[in-house]
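Trainee: Structure incoming, see below.
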Amino acid sequence: MKELERSLLGTILKAEINDGSNALLTEAREAGISSEFFLAYDTRAMWDAMCELDSKGVVLDTVSLFTHLQKGDNELKPNEVWSINDDGLSELHYSNLVTEMVEGYRTSRLSRLSLTIKDALSEGKESEEILTTVQSHCDSISSLAPSQDTLESIVDETYKDVTSKVNYCKYLKTGIQSIDDVLYRNGYGPGQLCVLASRPGCGKTAYALNFLRNTCMNNNAALLFNLEMGASQIMKRIFSIHSNLNMRRFEDGLAPEHRVQALKDTTKIVKGWKCHIRDRVYKLDHILATARGMHRKHSLNGIIIDYCQLIKPMSQNISREQQVAEISREMKLLAKDLDVPVILLAQVNRESEKDDRSPIMSDLRESGALEQDADSIIFLWQTLSEKEEQADFVRWTLAKQREGIGYSQGRINFYKATQRMEDFSQFI
């Protein structure tokens, strides 16, 4: 392995001496090569030194590398540095060297992962927790050496996107026409982080489940993480939304026979949906691993997470604002990586309620990062008088959208007994 590491470094150094642009070093870093790939002390020290010199704009050669290493506190022998150039191959071998480095690192990671699994089993950890850990590690390993798009391919892809007929199938409609009309391309699009926020009681979960129903009814696959309710509670609401029946009537034994048959018909339809519900996944890293694993198995079209403030972050020793920022960032990266819309529900602080007004982006609880990372933000809200009167509608405000129509407002009929949402009017 050390010979391979020295060959890669020597090849990079040879090329940089000839062209003076540090191009191969840049390509290696873009291919995913990092300090962790070098197992030998001397090759890791030289890689780190080459990266540091490159960041300072220094053209790499043996002299600059040796001089830089001599300044540091390391135990490298001079001949190990001076001879690195002799270990280099021609640039024709560069791609193969990178491939071998990545393959070697993957193999090493998998070997360590097998030990991790053994240790976890001996400690008596639950299989679900072990599988999530394995999934997370596998995602990290499989993402090594990402392909880099050239400028030419980016230009061609953008031109095709602008001039060709839009594939609206990739954009998931909410089922509420007034909202679909103002969303870019009439729905939540691939790679988007879409935030839906409100105060408690204004229909966050109802909106998410109405969206879920509409998505599945259009033969799309969706994954719902609900951190607040159990799967049975969620399914009761889905039954109510789809059948427009109040589930309490059935639980109280007051539903007439023809309603029972309607409910049976609903269950048959729902069983045919490509719908996946997870109600026992709370940690951010577990959510990310589960989402990626489910996407590989089922080719998801959309992911819903209810809701942001209940997610347990990966980093514990930081402020709550930083934790929510971490969650927001990872959700955006998840949407981009899987190329599907991620609908993230969130809570709004009390300020808008006190002022009896529509929420604004700064009202998002605990973090301004959601404002920055989100591609769209929709608020659901009611005035104080509407809440007191138990109005059968909620207002919506589209506060942000990276593409398409900007600020918009409207209303939705919201029948709390069945959790169903329907169009009211587009503007107020």
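The values are calculated or read from the model by the stated rules, or taken from the named source; none is laboratory data. Because the structure is predicted, anything quoted here is derived from the model rather than measured. FYI the Cβ positions are ideal-geometry reconstructions off the backbone, even for glycines, and counts take in every protein chain you see.
Trainee: Name the residue that is farthest from Phe393 (Cα to Cα), counting only residues in the stretch 180-204 that are polar (S, T, N, Q) and crowded, with 21+ Cβ neighbours inside 10 Å. Break it down stepwise before answering.
Mentor: Pass one, the stretch 180-204, residues polar (S, T, N, Q): 186, 192, 198.
After this cut, where a residue has to be crowded, with 21+ Cβ neighbours inside 10 Å as well, the list is 192, 198.
On the way: Gln192: 27, Ser198: 14 Å.
My answer is Gln192.
Trainee: Quick one: which of Gly32, Gly10, Gly88 is surrounded by 15 or more Cβ atoms within 10 Å (Cβ to Cβ) and at pLDDT 85 or above? Talk me through it step by step, then tell me what you get.
Mentor: Numbers: Gly32 fails: at pLDDT 85 or above; Gly88 fails: at pLDDT 85 or above.
None of the others qualify; the one that does is Gly10.
Trainee: Given the conditions (1) assigned to a helix (DSSP H, G or I); (2) under 20 Å from Gly406 (Cβ atoms); (3) not small (Gly, Ala, Ser), report the number of the one that Leu196 does not fulfil.
Mentor: Only one criterion is unmet by Leu196, namely (1).
Trainee: Right, here's the next one. Determine whether the stretch 224-238 contains at least one residue that is within 22 Å of Asp339 (Cα to Cα), surrounded by fewer than 21 Cβ atoms within 10 Å (Cβ to Cβ) and of a type in the set (A, V, I, L, M).
Mentor: Taking the stretch 224-238 first, the residues within 22 Å of Asp339 (Cα to Cα) are 224-226.
Checking which are surrounded by fewer than 21 Cβ atoms within 10 Å (Cβ to Cβ) leaves us with none.
Within the stretch 224-238, none of the residues are within 22 Å of Asp339 (Cα to Cα), surrounded by fewer than 21 Cβ atoms within 10 Å (Cβ to Cβ) and of a type in the set (A, V, I, L, M).
Trainee: Looking only at the stretch 113-132, count every residue that is assigned to a helix (DSSP H, G or I) and basic (Lys, Arg) and tell me the total. So that I can check it myself, show each step before the final result.
Mentor: Looking only at the stretch 113-132, we keep the residues that are assigned to a helix (DSSP H, G or I), and these are 113-122, 127-132.
Now narrow it down to the ones that are basic (Lys, Arg): 118.
Total meeting the criteria: 1.
Trainee: Here is a further query. If you check Leu338 against the conditions, is it under 28 Å from Lys170 (Cβ atoms) and crowded, with 19+ Cβ neighbours inside 10 Å?
Mentor: Values: under 28 Å from Lys170 (Cβ atoms): yes; crowded, with 19+ Cβ neighbours inside 10 Å: yes.
In short, yes.
Trainee: Which one of Ile360, Ile318 is surrounded by fewer than 21 Cβ atoms within 10 Å (Cβ to Cβ) and farther than 30 Å from Thr383 by Cβ?
Mentor: On the way: Ile360 fails: farther than 30 Å from Thr383 by Cβ.
Among Ile360, Ile318, only Ile318 is surrounded by fewer than 21 Cβ atoms within 10 Å (Cβ to Cβ) and farther than 30 Å from Thr383 by Cβ.
Trainee: From the list Arg259, Arg296, Arg249, pick out the single residue that is among the charged types (D, E, K, R), within 24 Å of Gly201 (Cβ to Cβ) and without any contact (Cβ under 8 Å) to a residue 60 or more places away in the chain. Outline the logic, then answer.
Mentor: Numbers: Arg259 fails: within 24 Å of Gly201 (Cβ to Cβ); Arg296 fails: within 24 Å of Gly201 (Cβ to Cβ).
Of the residues listed, the single one that is among the charged types (D, E, K, R), within 24 Å of Gly201 (Cβ to Cβ) and without any contact (Cβ under 8 Å) to a residue 60 or more places away in the chain is Arg249.
Trainee: Can Asn210 be described as of a type in the set (S, T, N, Q), under 17 Å from Leu344 (Cβ atoms) and either surrounded by fewer than 21 Cβ atoms within 10 Å (Cβ to Cβ) or modelled with pLDDT of 95 or more (or both)?
Mentor: Numbers: of a type in the set (S, T, N, Q): yes; under 17 Å from Leu344 (Cβ atoms): yes; either surrounded by fewer than 21 Cβ atoms within 10 Å (Cβ to Cβ) or modelled with pLDDT of 95 or more (or both): yes.
It is true that Asn210 is of a type in the set (S, T, N, Q), under 17 Å from Leu344 (Cβ atoms) and either surrounded by fewer than 21 Cβ atoms within 10 Å (Cβ to Cβ) or modelled with pLDDT of 95 or more (or both).
Trainee: Taking the stated definitions as given, is Gln419 in contact (Cβ under 8 Å) with a residue 24 or more places away in the chain and farther than 29 Å from Val162 by Cβ?
Mentor: Working: in contact (Cβ under 8 Å) with a residue 24 or more places away in the chain: yes; farther than 29 Å from Val162 by Cβ: yes.
Against the criterion (in contact (Cβ under 8 Å) with a residue 24 or more places away in the chain and farther than 29 Å from Val162 by Cβ), Gln419 qualifies.
Trainee: Please find, among His286, His258, His298, the residue that is touching a His at 6+ places or on another chain (Cβ under 7 Å) and either modelled with pLDDT under 85 or in the same structural domain as Ser385 (by TED's automatic domain parsing) (or both).
Mentor: Details: His286 fails: touching a His at 6+ places or on another chain (Cβ under 7 Å); His258 fails: touching a His at 6+ places or on another chain (Cβ under 7 Å).
Result of the check over His286, His258, His298: His298.
Trainee: Is it the case that the stretch 118-127 has a residue that's without any contact (Cβ under 8 Å) to a residue 40 or more places away in the chain, assigned by TED's automatic domain parsing to the domain that holds Ile304 and at positive phi? Give the steps one after another, and end with the answer.
Mentor: Here is the first cut: in the stretch 118-127, the ones without any contact (Cβ under 8 Å) to a residue 40 or more places away in the chain are 118-127.
Subsequent filtering for residues that are assigned by TED's automatic domain parsing to the domain that holds Ile304 retains none.
Taking every residue of the stretch 118-127 in turn, none turns out to be without any contact (Cβ under 8 Å) to a residue 40 or more places away in the chain, assigned by TED's automatic domain parsing to the domain that holds Ile304 and at positive phi.
Trainee: While we're on this one: So, of the residues in the stretch 270-281 that are surrounded by 13 or more Cβ atoms within 10 Å (Cβ to Cβ) and not in a strand (DSSP E or B), which turns out to be farthest from the chain's Cα centre (by Cα)? I'd like the intermediate steps shown before the answer.
Mentor: At the first step, the residues of the stretch 270-281 found to be surrounded by 13 or more Cβ atoms within 10 Å (Cβ to Cβ) are 270, 273-279, 281.
Still in the list and also not in a strand (DSSP E or B): 270, 273-274, 279, 281.
On the way: Val270: 27, Trp273: 23, Lys274: 20, Asp279: 18, Val281: 15 Å.
Of everything passing the filter in the stretch 270-281, Val270 is farthest from the chain's Cα centre (by Cα).
Trainee: Answer yes if at least one residue in the stretch 139-152 is outside any helix (DSSP H, G or I) and modelled with pLDDT of 85 or more, and no otherwise.
Mentor: First, the residues of the stretch 139-152 that are outside any helix (DSSP H, G or I): 143-150.
Of the ones still in play, those that are also modelled with pLDDT of 85 or more are none.
Within the stretch 139-152, not a single residue is outside any helix (DSSP H, G or I) and modelled with pLDDT of 85 or more.
Trainee: Answer with yes or no whether Gln323 is farther than 27 Å from Gly187 by Cα and crowded, with 19+ Cβ neighbours inside 10 Å.
Mentor: Numbers: farther than 27 Å from Gly187 by Cα: yes; crowded, with 19+ Cβ neighbours inside 10 Å: yes.
The answer is yes for Gln323.
Trainee: Yes or no: Asp252 at pLDDT 90 or above and over 26 Å from the mean Cα position of the chain (by Cα)?
Mentor: no
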